[in-house]
Amino acid sequence: MWVVVALVTRPWRGIVLYRFDWGWIAAAPLFASGLYLYSQSGKNFSAKQLGGLPEVHGSNREQRLVTDGIRSRVRHPVYLAHLCEMIAWSAGTGLAVCWALTAFAMATGAVMIRMEDAELEQRFGQEYRDYERNVPALLPKLHS
């Protein structure tokens, strides 16, 4: 997939929207936030869950809804981490292709979040609906 994206976007890799050193200064907290979110996403969550294996292997599902740790503040911390990293690269480089790929990731991510929410609601029922009602999908709850 990465090779295909690289080949498709190659003609636009030189289009620079701006070139400011302060773009990297603005990017630094986003990089740090993304790394923090990635590190927190792995806590209380198995490698199989992070990789989506319970969804792929129907009979081997690990039926456990994780709502503690970072997931007590945001339902989809990995998507938020991806978004922080992509915006950081876009802000730092000023490349049009980075901004276009970030916009594409935001659109596809919104669809994927809706699909995951529907699948989790089907799997966990009322327990997930209560969680969904109390914890935002992407913009974290800053207070308990």
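Each reported figure results from applying straightforward, stated rules to the coordinates on display, with no laboratory input. These figures come from a predicted structure and were not determined experimentally. In this analysis, Cβ positions are derived from the backbone assuming ideal geometry, glycine residues included, and neighbour counts consider all displayed protein chains.
Taking I15, I70, I87 in turn, the Gaussian network model of the chain (Cα-Cα springs below 10 Å) assigns the largest fluctuation to I15. Of all the options M115, M86, M106, the one that moves most in a Gaussian network model of the chain with Cα springs shorter than 10 angstrom is M115. The angle separating the long axis of helix 96-124 from the principal Cα axis of greatest extent in the chain is about 0 degrees.
Projecting the Cα atoms of F124, G42, L7 onto the dipole axis of the chain, where Lys and Arg carry +1 and Asp and Glu carry -1 at the beta carbon, places L7 farthest toward the positive end. A value for Rg/Rh (Cα atoms, Kirkwood Rh) was derived from the coordinates, and within the list (i) 0.95; (ii) 0.99; (iii) 1.03 it appears as (iii). Around the amide H of L95, modelled in the peptide plane, lie the amide H atoms of L17, all under 5 Å away and 5 or more residues distant in sequence or on another chain. Axis angle, to the nearest 10 degrees, between helix 77-93 and the longest C-alpha principal axis of the chain: 0 degrees. Simple point charges give the picture: +1 on the Cβ of Lys and Arg, -1 on the Cβ of Asp and Glu, and for the chain a dipole about the Cα centre of about 180 debye. Applying 1/(1 + (r/R0)^6) with r as the Cβ-Cβ distance of M112 and D21 and R0 = 35 angstrom yields a FRET efficiency of 0.55. Using a Gaussian network model of the chain in which every pair of alpha carbons under 10 angstrom is joined by a spring, one finds that among V97, V16, V66 the greatest mean-square fluctuation is at V16.
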